[in-house]
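Please read the structure below before turning to the comments.
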Protein chains: 2
Amino acid sequence: MARTPASRGTRAATLSDVARLAGVSVATASKALNGRNHVHAQTRERVLEAAAQLSFSPNSLARGLLAGRTGTVGLLTSDLVGRFSLPILMGAEDAFGAGQVSVFLCDARGDAIRERHHVQALLSRRVDGLIVVGSSTDPRPPLADAVDVPVVYAYAPSEAPEDLSIVPDNVNAGRMAVEHLIACGRTRIAHISGDRQYSAARDRAAGAQAALEAAGLALVGEVAYGAWEEGWGRAAAGMLLDREPGVDAVLCGSDQVARGVLDTLRERGRRVPEDVAVMGFDNWDVLATGARPQLTSVDMNLEELGRAAARALFEAIDAEHGRGVHTVQCRVVVRGSTASAG
Amino acid sequence: MARTPASRGTRAATLSDVARLAGVSVATASKALNGRNHVHAQTRERVLEAAAQLSFSPNSLARGLLAGRTGTVGLLTSDLVGRFSLPILMGAEDAFGAGQVSVFLCDARGDAIRERHHVQALLSRRVDGLIVVGSSTDPRPPLADAVDVPVVYAYAPSEAPEDLSIVPDNVNAGRMAVEHLIACGRTRIAHISGDRQYSAARDRAAGAQAALEAAGLALVGEVAYGAWEEGWGRAAAGMLLDREPGVDAVLCGSDQVARGVLDTLRERGRRVPEDVAVMGFDNWDVLATGARPQLTSVDMNLEELGRAAARALFEAIDAEHGRGVHTVQCRVVVRGSTASAG
DNA sequence: AAAGAGTCCGAAAACCTTTTCGGTCATTGC
DNA sequence: GCAATGACCGAAAAGGTTTTCGGACTCTTT
């Protein structure tokens, strides 16, 4: 006999089946399985045994329908392929997965139409909350639809100030980077960054310059904005060495840029870190640990950001909705490219 | 008044609300909204209007409870952080998202206990099917629990031959790579690969050697197994040049290894591709396009693999369950590192 | 004008679980 | 022995949707 969908295995056991096998009513079975009041120990034992025998698993749909809560949340990303969504997603999944919450994953591909479609689908599935993950740290418009569940924006803050957003602290990241270079004894520090259109680039530069001023120093040359690519790093490093041969540290806007800078320094015969220290941002493992020497980088703690977003959503579901933009701190991961100058 | 969870917004509108506003019964409202038989056009219009006014969105829980189908699937990955799960996940999400299916994402972190926990949770949510994504192409044990919904294994095949698995064709990938190098006029081809423990490394090497034999050639030296790291590529390339100075092409086990090989070739004064052609596997964009010259690489079409897994799951849900291991073809992405030797 | 056909709508059951409330039984104290 | 109490169990409703079936109404045909 062909295995049609209807006949695939025996239909999952229901509470009625368990109750019948245990010789009790469904009400008693429910109470026994949920550890509720006033069930005789012996009866409970019978019910548990029956449930195990039928490998009973309560239907979450029915439960959710009744309770008005589903124990699910939606994770709406606009750019799954990107480097930054993933760790955030990991952290969120981590924080939720520890409890009883399951995560719906949706990728809007940066398309507003698709985003609305996904939001509608999630609402129809009665998610308890929503996390919206952006693909850059630039603010994004809030969700188009009116949603009656809590929403937390992660990485990219919402443009609406009354929304709750959790973002990395790029300004402080720039500050910490420069402070590390200064602690390594560097004083002639240049900054080769990525695309100026990105607030991440501007914020990091602002933080870096603030730290320099605080130390009574100034940047060597201007901030060199360009692209988030190795090729830009190579080219910009060449120009920098031509114009400012005395530079003793290069802070790079990303690890990709830093890889390019390292290449050019090597070719020009500058030793790293003895002659010039190099730092990146993002702590992208494959780039940072494959470099020669291994690359010191600022980690944005994205996984922690994801966990923070999940926690914030929990709180918003259970009680009051938080507001405004919160930041997650970053940290410097020290590797060979910034060993202290003897 | 404090906004308690109960008072957050007005409770979502139900079909009864719509029916009442339209002045019809819930049955009629349901039929009108679902385009069913025998509803007067004018009545339907009234219902649609009422639904729009209340921004009614049908409760998927109730629908799923009744239909026995939820329109959800579980995506169980063992290694979300890894490079390979993500595109597969993208492709699957893509194929599902086009329809009416939502995806539950779970990361088991490579832990069997956690995996069982997630499977139980997914079954309790009555998913219609399951995709299990491995973190390497080595076979993995099948799911521990008996599941009464279709399961498709992606990337890592199941050890059980009666399960349905969809994997990249690594043997053919190796073959295609060597054929490309031969087409570029190379005859003295060496192979520097990654960790021998991985079947991906062994399969690619086997395919490469088969293609060489078919062309009446032989590998220069032995296959150099090592680690999936740039450092190994640099070291192995050094040894290779010492032992086999006449080599005119290096096939690398991954793009990371290839980056290391490129570095050493440059330092030894070998021009790429004029003197030595270099190829990688994986087509990891950030590594391949950042290299000098840009790196020719074999793309495993992982996103297509994810789509194929989703399609296979669709079929298994609707009808008969397929069996055995299916492969997805890969393709060579040509860049500067293998330009034809004049 | 009556019968038949066709069109449209509504009542009710089904899906599965949880919770409330009432009922049964035994036990205990007087 | 009787009433009160407590322990345990079961009936029923609720949650929102879809579907089936029967009923009511209208229009056409003879």
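Any idea which residue in segment B:23-43 is nearest to the chain's Cα centre (by Cα), counting only those that are within 21 Å of A:Ser124 (Cα to Cα) and in a helix (DSSP H, G or I)? Before you say what the answer is, go through the steps one by one.
The first filter runs over segment B:23-43 and keeps only residues within 21 Å of A:Ser124 (Cα to Cα), leaving B:26-36.
Still in the list and also in a helix (DSSP H, G or I): B:26-33.
Values: B:Val26: 43, B:Ala27: 43, B:Thr28: 44, B:Ala29: 42, B:Ser30: 39, B:Lys31: 40, B:Ala32: 40, B:Leu33: 37 Å.
Only one residue fits best here, namely B:Leu33.
Determine the pairs where a residue that is at the interface with another protein chain (Cβ under 7 Å from one of its Cβ atoms), located within segment A:57-72, has a partner that is open to solvent by 70 Å² or more (accessible area, probe 1.4 Å) and more than 8 Å from DNA strand C (Cβ to nearest atom) with Cβ atoms under 8 Å apart, the partner being 6 or more residues away or on another chain.
Between residues of segment A:57-72 that are at the interface with another protein chain (Cβ under 7 Å from one of its Cβ atoms) and residues that are open to solvent by 70 Å² or more (accessible area, probe 1.4 Å) and more than 8 Å from DNA strand C (Cβ to nearest atom), the close pairs are A:Ser57/B:Gln120.
In segment A:71-90, what residues are crowded, with 22+ Cβ neighbours inside 10 Å and not hydrophobic (A, V, I, L, M, F, W, C)?
A:Thr72, A:Gly74, A:Thr77, A:Ser78, A:Ser85
Any residue at all in segment B:228-238 that's buried (at least 24 other Cβ atoms within 10 Å of the Cβ), over 30 Å from A:Ala227 (Cβ atoms) and not small (Gly, Ala, Ser)?
Within segment B:228-238 (the criterion being buried (at least 24 other Cβ atoms within 10 Å of the Cβ), over 30 Å from A:Ala227 (Cβ atoms) and not small (Gly, Ala, Ser)), the answer is no, since none of the residues qualifies.
Suppose we filter A:Gly91, A:Gly64, A:Gly74 for residues that are within 13 Å of DNA strand D (Cβ to nearest atom), small (Gly, Ala, Ser) and not in a loop (DSSP other than H, G, I, E, B); which single one remains?
Exactly one of A:Gly91, A:Gly64, A:Gly74 is within 13 Å of DNA strand D (Cβ to nearest atom), small (Gly, Ala, Ser) and not in a loop (DSSP other than H, G, I, E, B), namely A:Gly64.
Restricting attention to segment A:225-234, does a residue exist that is closer than 27 Å to A:Gly269 by Cα, charged (D, E, K, R) and in contact with a Ser or Thr (Cβ under 6 Å, 6 or more places away or on another chain)?
Checked segment A:225-234: at least one residue is closer than 27 Å to A:Gly269 by Cα, charged (D, E, K, R) and in contact with a Ser or Thr (Cβ under 6 Å, 6 or more places away or on another chain).
So which of A:Gly110, A:Gly99 is at positive phi and not in a helix (DSSP H, G or I)? Steps first, please.
On the way: A:Gly99 fails: at positive phi.
Among A:Gly110, A:Gly99, only A:Gly110 is at positive phi and not in a helix (DSSP H, G or I).
Give the residues of segment B:51-61 that are within 12 Å of DNA strand D (Cβ to nearest atom) and in a helix (DSSP H, G or I), sorted by residue number. Break it down stepwise before answering.
To start, the set of residues in segment B:51-61 that are within 12 Å of DNA strand D (Cβ to nearest atom) comprises B:51, B:54-61.
Correct list: B:Ala51, B:Ser60, B:Leu61.
Within segment B:109-150, restricting attention to residues that are open to solvent by 60 Å² or more (accessible area, probe 1.4 Å) and under 18 Å from the mean Cα position of the chain (by Cα), which residue is farthest from the other protein chains (Cβ to nearest Cβ)?
B:Pro139
For segment A:140-192, which positions are of a type in the set (Gly, Ala, Ser), at pLDDT 95 or above and more than 30 Å from A:Val272 (Cβ to Cβ)?
Result: A:Ala154, A:Ala156, A:Ser158, A:Ala160, A:Ser165.
Scanning for something among the basic types (Lys, Arg) and either open to solvent by less than 10 Å² (accessible area, probe 1.4 Å) or within 12 Å of chain B (Cβ to nearest Cβ) (or both), does segment A:239-256 turn up at least one residue?
First, the residues of segment A:239-256 that are among the basic types (Lys, Arg): A:243.
Applying the additional criterion that residues be either open to solvent by less than 10 Å² (accessible area, probe 1.4 Å) or within 12 Å of chain B (Cβ to nearest Cβ) (or both) yields none.
Scanning segment A:239-256, I find no residue that is among the basic types (Lys, Arg) and either open to solvent by less than 10 Å² (accessible area, probe 1.4 Å) or within 12 Å of chain B (Cβ to nearest Cβ) (or both), so the answer is no.
Which of the numbered conditions does B:Ala316 fail, given that it passes all the others? Conditions: (1) farther than 14 Å from B:Phe84 by Cα; (2) in a helix (DSSP H, G or I); (3) more than 13 Å from chain A (Cβ to nearest Cβ); (4) among the aliphatic types (A, V, I, L, M).
(3)
If we scan segment A:1-20, do we find a residue that is surrounded by 18 or more Cβ atoms within 10 Å (Cβ to Cβ), more than 13 Å from chain B (Cβ to nearest Cβ) and touching a helix residue (DSSP H, G or I) at 6+ places or on another chain (Cβ under 6 Å)?
Checked against the condition, which is being surrounded by 18 or more Cβ atoms within 10 Å (Cβ to Cβ), more than 13 Å from chain B (Cβ to nearest Cβ) and touching a helix residue (DSSP H, G or I) at 6+ places or on another chain (Cβ under 6 Å), segment A:1-20 yields at least one hit.
Within the set of pairs 6 or more residues apart or between chains, which connect a residue that is at positive phi inside segment A:268-297 to a residue that is assigned to a strand (DSSP E or B) with Cβ atoms less than 7 Å apart?
A:Asp282/A:Ser297; A:Asn283/A:Ser297; A:Asn283/A:Val298; A:Asn283/A:Asp299; A:Asn283/A:Val333
Can you name the residue in segment B:185-206 that is of a type in the set (A, V, I, L, M, F, W, C) and buried (at least 20 other Cβ atoms within 10 Å of the Cβ) and is also nearest to B:Thr338 (Cα to Cα) among such residues?
First, the residues of segment B:185-206 that are of a type in the set (A, V, I, L, M, F, W, C): B:189-190, B:192, B:200-201, B:205-206.
Still in the list and also buried (at least 20 other Cβ atoms within 10 Å of the Cβ): B:189-190, B:192, B:200-201, B:205.
Details: B:Ile189: 12, B:Ala190: 14, B:Ile192: 16, B:Ala200: 23, B:Ala201: 21, B:Ala205: 19 Å.
So the residue we want is B:Ile189.
So A:Gly97 passes all but one of these: (1) touching a residue at least 24 places away in the same chain (Cβ under 8 Å); (2) open to solvent by less than 30 Å² (accessible area, probe 1.4 Å); (3) over 22 Å from B:Ala62 (Cβ atoms); (4) at the interface with another protein chain (Cβ under 10 Å from one of its Cβ atoms). Which condition number does it fail?
(1)
Out of all the residues in segment B:37-55, is one or more touching a residue at least 40 places away in the same chain (Cβ under 8 Å), more than 13 Å from DNA strand C (Cβ to nearest atom) and more than 10 Å from chain A (Cβ to nearest Cβ)? If you could, list the steps in order and put the result at the bottom.
Start the filter on segment B:37-55 by keeping residues that are touching a residue at least 40 places away in the same chain (Cβ under 8 Å), which leaves B:54-55.
If we keep only those that are more than 13 Å from DNA strand C (Cβ to nearest atom) too, we end up with B:54-55.
After this cut, where a residue has to be more than 10 Å from chain A (Cβ to nearest Cβ) as well, the list is B:54.
Yes, some residue in segment B:37-55 is touching a residue at least 40 places away in the same chain (Cβ under 8 Å), more than 13 Å from DNA strand C (Cβ to nearest atom) and more than 10 Å from chain A (Cβ to nearest Cβ).
The values are calculated or read from the model by the stated rules, or taken from the named source; none is laboratory data. Just so we're clear, the structure is a prediction, and the values are computed from it rather than from any experiment. FYI the Cβ positions are ideal-geometry reconstructions off the backbone, even for glycines, and counts take in every protein chain you see. Surface areas here come from the heavy atoms of the whole protein model, side chains and all, with no ligands, DNA or RNA. Shrake-Rupley method; radii C 1.70, N 1.55, O 1.52, S 1.80 Å.
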